[in-house]
Amino acid sequence: MNRNSARQPSQILQDRKLVDFGSHPQVVSVGSDIGDREGADAMAMRVGAFGEEQQATAHEQSLLDTVQPAIAAKGVVPLDGTLVAISFATQVVAGTNYIIKASTESGQVMHIKIHVPLPHTQNPPSLMDTKSDGVGLDSPIEYF
């Protein structure tokens, strides 16, 4: 027997609340992990948002190496050497979007947005955008 089966619909609704995650409001159980989060924690849990900044690994460096020719060809951001991944944040979409904070040998720092499509498409990662103005080692990764 379902634990809610003996309860009236109005009682079930009283045990739930609407949580506003930006443009994606959700109904959650009162006392649930997501429903009780406030402020920054609630925003971090928002569906479709970029996650928290993490230390870059060999995987993110590989993605950066893959798109570095596209960054150079774009000509918007002058490159003075090989880019080294520092940190990253991800967003799950139809695949995964990455924003990678990277630096060059001379210390130039930039954010690079890369899309990695779902595996079944067999498409390679692609450069979405770059940002270098106002970006430093201490700059948080933010959507641009």
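The values are calculated or read from the model by the stated rules, or taken from the named source; none is laboratory data. Quick caveat, the model's predicted, so the values are computed rather than measured. In this analysis, Cβ positions are derived from the backbone assuming ideal geometry, glycine residues included, and neighbour counts consider all displayed protein chains.
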>> Just to check your reading of the model, which residue among Gly75, Gly81, Gly95 is modelled with pLDDT of 90 or more and at positive phi?
In response: Gly95
>> Taking the condition of being assigned to a strand (DSSP E or B) and in contact (Cβ under 8 Å) with a residue 24 or more places away in the chain, how many residues in segment 94-144 meet it?
In response: 19
> If a residue has to be β-branched (Val, Ile, Thr) and surrounded by fewer than 16 Cβ atoms within 10 Å (Cβ to Cβ) to count, how many in segment 110-144 make the cut?
Replying inline: 1
